[in-house]
Amino acid sequence: MYTIILAKKLSNGQYLAGCCKISWLSRFKRIGTGLLSISINNIDLNQRECYVLLDIVTRINVFKKGELMIKLAMIILALCGFLISSYSFFIELRLKKDRNYKPACDLSDYVSCSTPVMSEYGKIFGFSNALTGIIYYFLIIFSVIMRLPYVVFVLAVTGLFVSFFLAWLLYFRIRTFCLLCSLTYVVNIILAILSFITL
């Protein structure tokens, strides 16, 4: 089964486009400038009956390239989130061994990465937030590569709501600014937007 995009030029210079499905295509050749002639079961559809425009096909290819770029951007963002979460988890493990350890993102009492990590809100249901982030971003990358847009969308939206909840805890409960945490919130917001576009 083939899907052919057909278009007819209107008097105002615009094109009325549509799709038709055919079960067998024997010939597909160019006639004139940017026009194609189709032969279906040896019955020719000529220029007068319908136009198969290369311009429309080109626009579809451009759209596909744009979609590919969006997916690449999602992988890069998820990879950034993965690295940020990994560093947060490293800070968590290091602080458990050495309470005096001061990570590079600890700039003051108010701007601190270690404060939320070691707070009571650093774990959800007894599971490290940083480790959850590592698994989460790995699943995002895997789902994008495996072309599972709806899985990516569900994961991204879930991550978005979790980010809102964690941001509320960070800014209103813990009352500190965590650079790493805030970066993951931004990553999750952009991921949610891009995942919606790719549906």
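Read-outs: derived from the displayed coordinates by stated rules, not from any lab. Note that the coordinates shown come from a computational prediction; the quantities given were computed from them, not determined experimentally.
Assuming 0.36 nm per residue, please report the length gained on full extension of the stretch W168 to D106 beyond their Cα-Cα distance. Length gained, W168 through D106: 20.3 nm. Taking the convex hull of the alpha carbon positions in segment 79-139 and averaging its projected area over all directions gives 4.3 nm². Expressed per residue, the C-alpha convex hull volume of segment 65-197 stands at 98 Å³.
In order along segment 114-125, the Karplus-derived 3J(HN,Hα) couplings, from 6.51 cos²θ - 1.76 cosθ + 1.60 at θ = phi - 60°, round to 6, 4, x, 4, 9, 7, 5, 9, x, 9, 10, 6 Hz, and Gly and Pro are given as x. Computed from backbone phi, the HN-Hα couplings of segment 131-140 come to 5, 4, x, 4, 5, 4, 5, 4, 5, 4 Hz, rounded to whole numbers (Karplus: 6.51 cos²θ - 1.76 cosθ + 1.60, θ = phi - 60°; Gly and Pro given as x).
Length gained on full extension, I75 to M118, computed as 0.36 nm times the residue gap minus the Cα-Cα distance: 12.6 nm.
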